[in-house]
Amino acid sequence: MAAALRAQDAEAERAARDRVHTANAPLGERGTPWWDQGETGRRARWSEGPAALDEGTDGG
C-alpha cells in the first residue's frame, strides 16, 4: 500500500486496502469476532479468506 500512496494511485490504494481487509477478516479483526462463531464458521472463514487472496477475488 505504501507504493500506491507514494505514487498517489487511488486505484492501487483501493486494491491494497481491499487485500488488507480480506487478509484481516479470517483473523477475526473484521466482521464477526471469531469467538462469536461456531467451529464450522471459523474454519470456513480461515479457509475462504486466504483462498480469496490467492484467487484475486478480494474486491480489488
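Within region 3-18, the set of residues being more than 18 Å from Glu55 (Cα to Cα) and surrounded by 16 or more Cβ atoms within 10 Å (Cβ to Cβ) comprises Ala4, Glu13. Counting only helices (runs of 4 or more DSSP H) that sit completely within the chain, those holding 2 or more residues that are among the acidic types (Asp, Glu) and out of contact with any strand residue (DSSP E or B) (no Cβ under 6 Å at 6 or more places or on another chain) correspond to 10-24, 39-55.
If you scan region 19-60, which residues turn out to be of a type in the set (Ser, Thr, Tyr), over 25 Å from Ala2 (Cβ atoms) and surrounded by 15 or more Cβ atoms within 10 Å (Cβ to Cβ)? Outline the logic, then answer.
Let us first name the residues in region 19-60 that are of a type in the set (Ser, Thr, Tyr), namely 22, 32, 40, 47, 57.
Right, trim to over 25 Å from Ala2 (Cβ atoms) and you get 32, 40, 47.
Selection gives nothing.
Every number here is computed from the coordinates shown, using simple stated rules; none is lab data. As the structure is a prediction and not an experimental result, all values here were calculated from the model. Here the Cβ is made from the backbone with ideal geometry for all residues, glycine too, and neighbour counts use every protein chain on show.
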